[in-house]
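Reading through the structure tokens given below for one structure.
The values are calculated or read from the model by the stated rules, or taken from the named source; none is laboratory data. These figures come from a predicted structure and were not determined experimentally. Backbone-built Cβ (ideal geometry, glycine too); neighbour counts: all protein chains shown. Calculation scope for accessible area: heavy atoms of the full protein, side chains included, ligands and nucleic acids excluded. Shrake-Rupley method; radii C 1.70, N 1.55, O 1.52, S 1.80 Å.
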Amino acid sequence: MSNKIRRSMPLFPMGTVMKLTELSARQIRYYEEHQLIRPERTEGNRRLFSLYDIDRLLEVKDLLDEGINMAGVKKILLQEENKEVHSNVKEAAGKDKKDFTNEEVRKLLRKELINAGRFHRDDLPPGERYRYFH
DNA sequence: CTTCTGACA
DNA sequence: TGTCAGGA
């Protein structure tokens, strides 16, 4: 269990994380706003990221590159929501839950969300949210 | 010098 | 998302 402690230990400042992830400070802060990471803060309000945070950011980056939008990324990475979506995907495939490995679920989920992200623009105002649907 | 928040010619 | 301001 000490590995868990290390991975969640607040270690590096913004500058280091920017280089390690190839992400801009703007993007990193934006993902934090969306609860994708929860870095600690120093007494001076400076962010301190853990190895776990680095992993998360890298995953977010990959998912986004695959064409998935923030809404999709959040569904995949946010703990609780994750369980539900996984169940839905398993059911949608008409297969018993325990017949799927985590890898298979990841694959199905990604495919599903790539399409969802292509038509459902959560970042657009309510009225235009589906303008790319037709 | 580095990072933070808020804002948008 | 970039970038600038103004402060810590």
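Below are the figures for this structure:
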item	result
Percent of C-alpha pairs per 5 Å bin, the range A:1-56, short to long	4, 21, 32, 27, 12, 4, 1
Length released on extending from residue A:35 to residue A:16, taking residue separation times 0.36 nm less the Cα-Cα span	4.8 nm
Ratio Rg/Rh [Cα only; Rh per Kirkwood] for the range A:1-108	1.04
Inter-probe distance in nm under a simple model that places probes 7 Å from Cα toward Cβ, at residue A:106 and residue A:52	1.9 nm
Accessible surface, 1.4 Å probe, highest first, among residues A:53, A:62	A:62, A:53
Net charge dipole size for the range A:1-56 [Lys, Arg +1 and Asp, Glu -1 on Cβ; Debye, nearest 20]	80 debye
